[in-house]
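See below for the structure under consideration.
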Amino acid sequence: METSAADLLIAALADPFRIGLLVALFATMVRTRAATGTLVPLLAGAVFVAVIIPATMKPPAPGEYLGVVVAGFVVNLAVLCAIALLWRIAERLRR
């Protein structure tokens, strides 16, 4: 049975493990951005999380792996944008 794109996005967005990994990725980027920059580590980490979660969890139905990875990547980018926005707001409030 094919899973719809909306179901894949909602499942990825509701995954606390994914969100925890992305928060840790962002925190690591903040600490190392002087040496590694911002965009490349975040994009590489977003791809890594999008690939590793379906590879290590319950396997998707045959032929759905790419869809699960793409949905995960889209959600990862959205979550990282939200984290970055919250980080910026916190930085501004600290000043």
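Any read-out appearing in this document is the output of simple, stated calculations on the displayed coordinates, not a laboratory observation. Note that the structure is a prediction, hence the values are computed from the model and not measured. Because the Cβ atoms are built from the backbone with ideal geometry, glycine has one as well, and the counts that use them run over all protein chains shown.
Grab the DSSP H runs of the chain that are 4 residues or longer, score each as -39,500 (n - 2.57), total them, divide by all residues and round the 222 nm result to the nearest 500 deg cm²/dmol.
-28000 deg cm²/dmol
What spacing in nm lies between the two simple spin-label points modelled at Ile10 and Ala24, each 7 Å away from Cα in the Cβ direction?
Once both label points are built, they end up 2.8 nm from each other.
Hey, rough spin-label estimate for Arg88 and Arg31, points 7 angstrom out along Cα→Cβ, what's it come to in nanometres?
Here the modelled spin labels are 2.5 nm apart.
Given the chain, report the % of alpha carbon pairs whose separation exceeds 24 Å.
I get 26 percent for the Cα pairs in the chain exceeding 24 Å.
Tilt of helix 65-94 relative to the longest C-alpha principal axis of the chain, in degrees (0 to 90, nearest 10)?
20
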